[in-house]
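To start, the structure under review is shown below, and the notes come after it.
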Amino acid sequence: MNYRHAYHAGNFADVVKHAVLSRLVEYLKQKDKAFRVIDTHAGIGRYDLASMEAGKTGEWQGGIGRLFEAALEPRTAALLEPYLEAVRLENSDGGLRRYPGSPLMVRYLLRKQDRLTAIELHHEDAARLKAVFAGDFQTRVIELDGWLALGAHLPPKEKRGLVLVDPPFEEDGEFERLVENLRRAHRRWPGGIYALWYPIKDRKAVAAFRAALKATGIPKLLDIAFEIRPASSDPSLDGSGLVVVNPPFTLEAELRVMLPALHRALAVEQPSRWTVEWLAGE
Ligand SMILES: C[S@@+](CC[C@H](N)C(=O)[O-])C[C@H]1O[C@@H](n2cnc3c(N)ncnc32)[C@H](O)[C@@H]1O
């Protein structure tokens, strides 16, 4: 458990992940009925962009820093508004000094009937996350192994909602773990929306992951890949992906508007690309 998200918060991968997440939450809000978001690898919730960790990598400057400065055409601006508004609310004193991680970003978007379960295994990070949500009766923070939570907490009693699975990918076998746990979770709750994050570093591993997902037989798998540079010879994060299970029917069209604009704002070297592909249909 060496991975600390504070070094990476607000980078290009966070921007894409959180922008898509915001569209999933906005879709769930179209019906009055309450829903629950379960974040299995939640992090600490609030990130100080002036911290030593953020300063050491400077990654946020190539992510939310760039997007904040970008001129967006109206359709893209409208789709990104819920996400950008959450970032603005974190920075109500102006500027860009703090970044909301996934649980806090989601929390900004919830209505009073909706709930959030945020799970974090690292003891100190879980304590920080609990402090962020202290006194918030809509949010439950649990110090627990997120993979276990995928069994124990599904389906949620609301029977509507979304599960974000965003592991650190610091151990071997994380792609396989993701597929196996999706299989298990989907058996328990086939109707849930799932968003699975993955790194694009090792292209062979990504190809094997996609093949393994297809082989599960789980229907309705939409794969979003976002690359900011061509494949580099030394392993570095050249891109990131998100597989959405049971995506809202509106999502693909929204992505085709949003992703080109995000790519223009965040890509660092060409050729690089974004793609949206169905790994499995109905
Ligand atoms: C990529 S970060 C999460 C970032 C967060 N989802 C966001 O978007 O703001 C991964 C987190 O998972 C935590 N973690 C690692 N192994 C875990 C496990 N088995 N269960 C739950 N959390 C875990 C790490 O401590 C780290 O905070």
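Computed from point charges on the beta carbon alone (+1 for Lys and Arg, -1 for Asp and Glu), the dipole magnitude for the chain about its Cα centre is near 1000 Debye. Using the rule -39500 (n - 2.57) for each DSSP H run of four or more residues, divided by the residues of the chain, the 222 nm mean residue ellipticity is -12500 deg cm²/dmol. Over all alpha-carbon pairs in the stretch 130-244, figure out the percentage whose distance exceeds 21 Å. Tail of P(r) above 21 Å: 44 percent of Cα pairs.
Taking the convex hull of the alpha carbon positions in the stretch 192-244 and averaging its projected area over all directions gives 3.6 nm².
Close amide H pairs (under 5 Å, H built 1.01 Å from N) link Arg160 with Arg36, residues at least 5 positions away or on another chain. Inter-part distance, the stretch 104-163 to the stretch 241-260, computed on C-alpha centroids, equals 24 Å. Listed cross-link partners Lys17/Lys214; Lys31/Lys159; Lys29/Lys159 are compared with a 18 Å cut-off, the Cα-Cα value being larger for Lys17/Lys214. Accessible surface comparison of Met1, Met105, probe 1.4 Å, protein chains only, largest first: the order is Met1, Met105.
Summing charges over neighbours of Gly55, with a neighbour being any other residue whose Cβ is under 13 Å away from its Cβ, gives -1 when K and R count +1 and D and E count -1. Per-atom-type breakdown for the chain gives carbon and sulfur 52% of the accessible area (1.4 Å probe, protein chains only). Taking the Kirkwood radius as Rh and the Cα radius of gyration as Rg, the chain has a ratio of Rg/Rh equal to 0.92. With the charge dipole of the stretch 169-222 set up from +1 on Lys and Arg Cβ and -1 on Asp and Glu Cβ about the Cα centre, the Cα lying farthest toward the positive end among the listed residues Ala208, Gly191, Phe169 is that of Gly191. Label sites at Glu158 and Lys31, each approximated as a point 7 angstrom past Cα along Cα to Cβ, lie 1.2 nm apart.
Annotation: amide H-H contacts under 5 Å for Leu144 (H modelled 1.01 Å from N, sequence separation of 5 or more, or interchain): Glu120, Leu121.
The values are calculated or read from the model by the stated rules, or taken from the named source; none is laboratory data. Quantities reported herein were computed from a predicted structural model and do not represent experimental measurements. Cβ atoms come from the backbone with ideal geometry, glycine included; neighbour counts cover every protein chain shown. Areas reflect the complete protein model, heavy atoms only, side chains present, ligands, DNA and RNA absent. Shrake-Rupley method; radii C 1.70, N 1.55, O 1.52, S 1.80 Å.
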